[in-house]
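Visitor: Following this message is one structure expressed as structure tokens.
Readers should treat all values here as calculations from the given coordinates under stated rules, not as data from a laboratory. Predicted, not measured: the structure shown is a model, and the values here were computed from it. Methodologically, a virtual Cβ is constructed for each residue, glycine included, from the backbone with ideal geometry; neighbour enumeration extends over all protein chains shown.
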Amino acid sequence: MTEQDPKRLRWSLPESPPPARPYRDTAALYGVLAVVIVLIAWLTGGGIGKAIAIAAVFFVAATAWSFWQWRGRLRRAQSDAAARRDGVDEGAP
């Protein structure tokens, strides 16, 4: 099969532009999920102190990992944009 074959399956998601504020959005999402962890513990009669500790560890770990991923993705997007810009400039008269 060639890359031009329309029957070829694509297993990855298409690249989408990053949101305007990826770091803030990520922190907000994981903050909400951390609150959900504490609420579930409270509603089920679990230990609130333990739930807060677990939620804090979850928030820090998930946010740090996501920030690391966003940093790499944004750097790749910057280098790709620079490469495209340099490629266009080289062909200009």
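Visitor: Quick test of your reading of the structure: THR44 fulfils all but one of (1) farther than 30 Å from GLN78 by Cα; (2) polar (S, T, N, Q); (3) under 14 Å from the mean Cα position of the chain (by Cα). Name the failing condition by number.
Guide: (3)
Visitor: If you don't mind, there's one more thing I want to ask. Would you confirm, using the coordinates I've provided, whether LEU39 is touching a residue at least 40 places away in the same chain (Cβ under 8 Å), in a helix (DSSP H, G or I) and not polar (S, T, N, Q)?
Guide: So LEU39 does not fit the description; no.
Visitor: Filter segment 5-42 for residues that are among the aliphatic types (A, V, I, L, M) and within 19 Å of TRP70 (Cβ to Cβ); which is surrounded by the most Cβ atoms within 10 Å (Cβ to Cβ)?
Guide: Here the residue is ALA34.
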